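A.B. asks: Dropping the structure in here first, questions after.
All of the numbers you see were taken from the coordinates with simple rules; none came from a lab. Note that the structure is predicted; figures quoted are calculated from it, not measured. All Cβ positions, glycine included, derive from the backbone under ideal geometry; neighbour counts span all protein chains shown.
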Amino acid sequence: MGFTRACGWLAVSSFWMAAQAQTPAAAPQSSAMSASASFAYVSDDGCVQNEVVVFANRATAASAKAPGTTAEVTYSRYRYDFCEDSDLGTDMGTTARPIFSGDLNRASLNATIGGHTPTGSVVTVSLVLIWEGKGRVTRQVRRPQNARAGGSEHLSRNAVVSGTMDGEDISDEMVGASLHTTRKTVSR
């Protein structure tokens, strides 16, 4: 699962930065909500081990000129067939049209994602996931040296995930999950 964890942290980092980059400079306040999960499950026939990383992100920019919300979900799934002793590779995909909502207490995702294998074959995965926040909330406030630049607040919390991927119940297969929110203010 080392590969899966590394992909998970890479996805969390890159999408958190992408959410920050989507914030217009003139926006008085913007926010981003994200949820990540990594889990592993074996196919119903008992042959194929699946190691999955999912990252969902929703960014909202409050601006008089162009207020709006964007959402995106990315997944990566490594597969190995133990019955055939065959590495099936890693398929990945992204969609900008997920049904994703929530906060640090609870988040939900319903998405069908078109992806591709390393050889270019098309795959489609279906995700229905629920994150339940567990434990304490960690808070980090960042204030730039220039007080006019505003600041940001980042909150995170561990979570437990339940749900399905392609109809397979992953509720008992979770390795790690978390919820994150970021609020950024820009002084005028």
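A.B. asks: Based on the Cβ-Cβ distance of Gln29 and Gln140, what FRET efficiency does E = 1/(1 + (r/R0)^6) give at R0 = 22 Å, to the nearest 0.05?
C.D. replies: 0.80
A.B. asks: Shifting gears a bit: Do any trypsin sites (Lys or Arg not before Pro) in the range 62-145 lie in a DSSP loop with no more than 15 other beta carbon atoms within 10 Å, and if so, which?
C.D. replies: Sparse-neighbourhood loop trypsin sites (Lys or Arg not before Pro): Lys65.
A.B. asks: With bins 5 Å wide starting at 0, give me the P(r) of the range 79-126 over every alpha carbon pair, in whole percents.
C.D. replies: 5, 18, 18, 17, 15, 12, 9, 5, 1
A.B. asks: Under the Karplus relation 6.51 cos²θ - 1.76 cosθ + 1.60, θ = phi - 60°, what is the ordered set of whole-Hz ³J(HN,Hα) values for the range 151-158, x standing for Gly and Pro?
C.D. replies: Once rounded to whole Hz, the list reads x, 9, 10, 10, 10, 9, 7, 5.
A.B. asks: Now for a separate question. With viscosity set to 1.002 mPa s and temperature to 20 °C, compute the Stokes-Einstein D of the range 40-171, Rh being the Kirkwood radius across alpha carbon pairs; µm²/s, no decimals.
C.D. replies: Reported coefficient: 125 µm²/s.
A.B. asks: A further question follows. If you stretched the chain out fully between Asp166 and Ser108, how much longer would it get, using 0.36 nm times the residue separation minus the C-alpha to C-alpha distance?
C.D. replies: 19.3 nm
A.B. asks: Considering only Gly102, Val141, Gly115, whose Cα is most displaced toward the positive end of the charge dipole of the range 92-177, charges sitting on Cβ of Lys, Arg (+1) and Asp, Glu (-1)?
C.D. replies: Final value for the positive-end residue is Val141.
A.B. asks: Calculate, in nm to one decimal, what Thr117 and Phe82 gain on full extension: separation in residues at 0.36 nm each, minus their alpha carbon distance.
C.D. replies: Using 0.36 nm per residue and subtracting the Cα-Cα distance, I get 10.7 nm.
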